[in-house]
Every structure is written in structure tokens, then in C-alpha cells.
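Every read-out reported here was derived from the displayed coordinates using simple, explicitly stated rules and does not represent laboratory data. As the structure is a prediction and not an experimental result, all values here were calculated from the model. Using ideal geometry, Cβ is built from the backbone for each residue, glycine included, and neighbour counts are taken over all protein chains shown.
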Amino acid sequence: MKFFDLETFPKRILVVGGWVILRLSLQAFLRVLGADTQLVHRGDLFLKGFDQEVREYTAQEVAKKGVKLRFNTEIERIEKQVDGLLKVFFKQGGNELVDQVMVATGRVPKTQGLGLESVGVHLAKNGAIQVNDQYQTSIPSIYAVGDVIDRVQLTPVALAEGMALVRRLYGQGSPDVEYELIPTAVFSQPNIGTVGLTEEEAVARFPQLDVYRSEFRSMKHTLSGSEERTLMKLLVDRQTDRVVGVHMVGADAGEIIQGIAVALKAGATKATFDATIGIHPTAAEEFVTMREPSRRYGE
């Protein structure tokens, strides 16, 4: 089912698959427009690869919006009814009757039929084009960038790779694209914004780590009546005071984290954050007012 090709808006829709950025963004859109929305995931929690607390918090907040979450669930079959509705049967038992099923199962590089194998370009098992650090394939005259090399499947990353290659081939050279501090947003409700290491990654990398955490109800919701809450986290290497990860679940998280990503690229420390004056009243000011760590590793 292609969502934007639908002739009528579905009253009941089931979204299934592993392509979480599309899936969470669309389920938010569907729910806001009034669809009875269910989200099915075969794992125990969505957002694989994100900070664990962010994953759990997002599930909690998404459920508040009225989206029915089905984890550890797989579809066994779908039967079309005489009235056009779809009856979805689950391997774990039970069924649901919906107007539409949307499958967002992710992407693989679409490299078939290009003749790459015939000229000797090496491909990975999933069809991704294998390249070296200069985006050069096994054939020296052929280069590849973007989603087809299956590094980070984000449009701005593909643009950065392309510009780096152009400058290297036709300009004065170019520094390599740095993949560690890439900011990412998921436009769910509420939004997710993240840059740097997850808490789990940071604990494994740094022997001494401080976690600064804040959770609150946004000021505007004291008037709106919404129970939506916001989560913010700073991960700090205690030995150097450098901020190594920032995570947010809340309104405009993508907008806020984009600015903070600049600070992390510049090597901002916790002292830098502490010395920065906040803009009041905003949610973003919370990032510069957190003073005491909520968790400490490696005492």
C-alpha cells in the first residue's frame, strides 16, 4: 500500500515493519488526523540502535497519544473481507480488522540490473556497493556514495559524501566525512532528537561517565491539558568533561539537537553548557541548567 495513493483516508490502519523512522513519523501523522492506529513490531521494542531510555520513553509517550503498540508480534496472514476490510491474523494469536495495512520494512540498496557485477564491482550480501575510505569501489574508476554504500542512510550524509568526493577529485582535497557525531531526528509524536553516543555505548567506551537527566511537562501543556512529557539527557566523560552524547524526546527535538550538534562538533564540555545562559521560557534551556548527574558510572 502506497500511503499517498490512497483515495480515502483509513479510519483504522495497522503499520508494520522495521523502517522505524518512516513508520513512527507516519503513525504520528495518521493519529493526529484521527485514524485508529496500531503499530506492530516483531522485536521487544522499536528504535533499535537508539539510546535504551529514549526507546522506552518514546514507547510510553506514543502510547499516550492513543497508538496501540504491539511488540514481539508478527503477522501470520491477512484476509480480505467481502466488504473490503482486512482481517489481520497474528502468529502469537488474535486478529484485528482494519481498513489498511501499511508495510514499512526498510530498504536495501537497489543495485540490481546496473551491471556492476559484470564489470567487477564488489557488492555486499545485501547488495550494498563496497567502497574504501575515499568512496572508491573495487574498480578504481568507479565511485559510490549515499544509501547504496549502506553506511548511514540519511540524505544529509549522502550530500556530505558527495561533496567530499567532488572536492577530492576536482578541488583541493577534502577532509573525510565524520560519522560519529551525526545528529538524527525521528518525527514521531513527540519528536526524538539525538547526537553522539547512546548511554550504553558511552558506558562501554568511557571508564567514568556522568548522566545528566531531566524529565518534565512543558510549560505550554499546563494550558493545553496534554499529558505529554519531555526527556533530556546529557552524557559526559568525567575525565575530560566533554559532552559525548545528547538525547531528547519532546516537541521540536530535531530543531534543538541540530544546534547542539554544532556544539559537540566544536568539542563542548559540560562546563561550556553550564556557562551558557538559557533562553527563558523554552524547553531547550533545560540543557544548560542541569547541574547534578542522575547516574554516575565508574566512581
Under 25 Å Cα-Cα from residue 48, which lysines qualify once same-chain neighbours fewer than 8 residues away are excluded?
2, 64, 65, 68, 91, 110, 125, 233, 265
Plugging the Cβ-Cβ distance of residue 118 and residue 166 into 1/(1 + (r/R0)^6) at R0 = 25 Å yields, to the nearest 0.05, a FRET efficiency of 0.40
Starting from the Cα-Cα distance between residue 12 and residue 95, subtract it from 0.36 nm times their residue separation and give me the gain in nm to one decimal.
28.5 nm
In terms of modelled amide H atoms, which long-range or inter-chain residues lie less than 5 Å from the amide H of residue 245?
197, 235
Compactness ratio of region 184-297: Cα Rg over 2.2 N^0.38 Å, N = residue count?
1.04
From Cα pairs below 8 angstrom and at least 6 apart in sequence, can you work out the relative contact order of the chain, rounded to a whole percent?
14
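Shape verdict for region 116-170, please, from the Cα gyration tensor: rounded (a/c under 1.5), prolate (a/b greater than b/c) or oblate.
Because a/c hits 1.5 or more and a/b fails to exceed b/c, region 116-170 counts as oblate.
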Starting with the fewest neighbours, write out 269, 184 ranked by other beta-carbon atoms found within 10 Å of each beta-carbon.
269, 184
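DSSP beta bridges in the chain, what fraction antiparallel, as a percent rounded to 5? Write down the numbers at each step before the final one.
Values: 38 of 50 bridges.
Looking only at bridges with both residues in the chain, the antiparallel portion is about 75 percent.
Could you tell me the ratio Rg/Rh of the chain? Both radii from Cα atoms, Rh via Kirkwood.
Numbers: Rg = 22.2 Å, Rh = 21.8 Å.
Answer for the chain: 1.02.
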Calculated FRET value between residue 63 and residue 139, using beta carbons and R₀ = 45 Å, to 0.05
0.35
Can you work out ³J(HN,Hα) from phi for every residue in region 105-115, in order, using Karplus 6.51 cos²θ - 1.76 cosθ + 1.60 and θ = phi - 60°, giving whole Hz and x for Gly and Pro?
9, x, 10, 10, x, 8, 10, 5, x, 8, x
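Sorted by packing (mean other beta-carbon atoms within 10 Å per residue), highest first, where do 102-115, 192-205 land? Don't jump to the answer; show the numbers that get you there.
Values: 102-115: 13.9, 192-205: 19.8.
Highest to lowest by the protection proxy: 192-205, 102-115.
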Using a cut-off of under 11 Å, list every residue of region 232-250 whose amide N is near the label point 7 Å from the Cα of residue 272 along the Cα-to-beta-carbon line.
242-244
Can you tell me which of 238, 229, 77 moves the most in a GNM of the chain? Springs connect C-alpha atoms under 10 Å apart.
77
What are the ³J(HN,Hα) couplings of region 62-71, residue after residue, when phi is run through the Karplus curve with 6.51, -1.76, 1.60 and θ = phi - 60°? Round to Hz, x for glycine and proline.
4, 4, 4, 6, x, 7, 7, 9, 10, 9
Alpha-carbon Rg with Dmax, taken over region 3-103, Å
13.5, 44
